[in-house]
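Beneath this line is the structure, given in structure tokens, with notes to follow.
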Amino acid sequence: MDRPAPSLSGTVHVTRPLPEPGTALLEAAGLTVTANSDDRPLDAAELAAAVADADALVCMLSDRIDGALLDAAPRLRVVANYAVGFDNVDVAAARARGVEVTNTPGVLTDATADLAWALLLATARRLGEGERLVRSGAWSGWAPRQLVGQPVAGRRLGIVGMGAIGRAVARRAAGFGMEICYHNRRRVPSDVEAQLGVTYVGLDELFATADVVSLHAPLNADSHHLVDADALARMKSTAVLVNTGRGPLVDEAALVQALDEGRIAGAGLDVYEAEPVVHQGLLDRGDVVLAPHLGSATTTARADMVELCTRNVVEVLSGRPAVTPVPPGP
Ligand code: DGY
């Protein structure tokens, strides 16, 4: 982003230390930046105090932005969420108060799709167990029955949520010769289906027929526990579940039970129901691969997210439309 000429006045609060370019672009635009320099989420009272005089807020998925917080920030004009997901923001409450809400779509699509594939492969091929075995010093060499996993190439991939990240996951699957089915709230245009080589199916069919189920749906009231005991019971005993969306898409207790009962082969998870707490039943299992919410964690994605948040703040405070306002609700 070209540094905007200093022209704006106003205060923006940033709730966690940002990666490069940090707050330099906001400052270059003429804004006064207040920032939480501790890399920990502020509690509700700390956040309310921090935004009392703010015209703009750059926040994270670890911040809950609700009506009470918005009422504590009477000057606020824009909430720029440093994430593509925005389930941490009460968008209706913000819009009711005339506050714009923006997110960071597009710039983290490839990073997140890559991570979904990393988890998919690591889970299907039991890489976590293998890595721990080698590090333990207990590995006694190649063995014909050692850590035999599930094949990926040529198998059937079921993608739940065919937005930008779901599509990027599908494009990668083509290189593995996978048959791809998907489910989305709205079926995507037929030219997009043809280009991606994907077939639209109902959720029940997707769960019942896919060898890998990968979740890319936004979290909202409709998608909460989309993968519940029923869905898990439908899945193949050889199937693998991958979640790089949001933790509450999956009923973790039901997932643990399904794994305990051998109903599915494994799970690769980047997100959890109550982050940073992870269900003990998952921590205890070898057949799950657990990542600490790394979907967008590449140097370029995180820097581009900073730039996009900055552009959104600058545009709204300049009286222009936001670059990436969150889409209207479900
Ligand atoms: C997102 O963008 O929603 C990720 O979960 C965090 O970067």
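At a glance:
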quantity: Hits in the range 25-57 (condition: in a loop (DSSP other than H, G, I, E, B), open to solvent by 20 Å² or more (accessible area, probe 1.4 Å) and small (Gly, Ala, Ser)); calculated: Gly30, Ser37, Ala52
quantity: Residue in the range 15-24 that is crowded, with 21+ Cβ neighbours inside 10 Å, within 16 Å of the ligand (Cβ to nearest atom) and under 19 Å from Ala297 (Cβ atoms) present; calculated: yes
quantity: Criterion: within 10 Å of the ligand (Cβ to nearest atom) and open to solvent by less than 10 Å² (accessible area, probe 1.4 Å) - qualifying residue of Ala83, Ala73, Ala111; calculated: Ala83
quantity: Every pair of residues 6+ apart whose Cβ atoms lie under 7 Å, when the first sits in the range 294-320 and is free of Cβ contacts under 8 Å to residues at least 24 places away in the same chain while the second is more than 10 Å from the ligand (Cβ to nearest atom); calculated: Glu315/Pro321; Glu315/Ala322; Glu315/Val323
quantity: Condition broken by Glu273, with the remaining ones in (1) out of contact with any His (no Cβ under 8 Å at 6 or more places or on another chain); (2) under 22 Å from Leu108 (Cα atoms) satisfied; calculated: (1)
quantity: Tally of residues being part of a helix (DSSP H, G or I), under 26 Å from Ser9 (Cβ atoms) and not β-branched (Val, Ile, Thr) across the range 304-330; calculated: 8
quantity: Thr104, sole failed condition from (1) open to solvent by less than 10 Å² (accessible area, probe 1.4 Å); (2) within 16 Å of the ligand (Cβ to nearest atom); (3) in a helix (DSSP H, G or I); calculated: (3)
quantity: Residue match in the range 140-151 (condition: within 16 Å of the ligand (Cβ to nearest atom), modelled with pLDDT of 95 or more and of a type outside the set (A, V, I, L, M)); calculated: no
quantity: Residues being within 16 Å of the ligand (Cβ to nearest atom), in a strand (DSSP E or B) and under 21 Å from Arg320 (Cα atoms) - total across the range 86-101; calculated: 1
quantity: Residue within the range 68-84 that is over 25 Å from Ala274 (Cβ atoms) and at pLDDT below 95 present; calculated: no
quantity: Flag if Arg234 is in contact with an Asp or Glu (Cβ under 9 Å, 6 or more places away or on another chain), open to solvent by 20 Å² or more (accessible area, probe 1.4 Å), within 12 Å of the ligand (Cβ to nearest atom) and assigned by TED's automatic domain parsing to the domain that holds Phe207; calculated: no
quantity: Among the candidates Ala229, Ala267, residue that is hydrophobic (A, V, I, L, M, F, W, C), more than 15 Å from the ligand (Cβ to nearest atom) and open to solvent by 40 Å² or more (accessible area, probe 1.4 Å); calculated: Ala229
quantity: Long-range neighbours under 7 Å by Cβ, at least six apart or interchain, first residue in the same structural domain as Val240 (by TED's automatic domain parsing) and over 30 Å from Pro105 (Cβ atoms) within the range 148-164, second modelled with pLDDT of 95 or more and among the hydrophobic types (A, V, I, L, M, F, W, C); calculated: Gly149/Ala124; Gln150/Ala124; Gln150/Val240; Gln150/Ala265; Ala153/Phe176; Gly154/Met178
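Residues are listed down the side, and each one gets a yes or a no for (1) among the basic types (Lys, Arg); (2) assigned by TED's automatic domain parsing to the domain that holds Gly161:
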site: Ser37; (1), (2): no, no
site: Leu42; (1), (2): no, no
site: Arg75; (1), (2): yes, no
site: Phe86; (1), (2): no, no
site: Thr102; (1), (2): no, no
site: Leu127; (1), (2): no, yes
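The values are calculated or read from the model by the stated rules, or taken from the named source; none is laboratory data. Every value quoted in this text rests on a predicted model; they were computed, and no experiment measured them. Cβ atoms come from the backbone with ideal geometry, glycine included; neighbour counts cover every protein chain shown. Please note that ligands, DNA and RNA were not included when accessible areas were found on the heavy atoms of the full protein model with its side chains. Shrake-Rupley method; radii C 1.70, N 1.55, O 1.52, S 1.80 Å.
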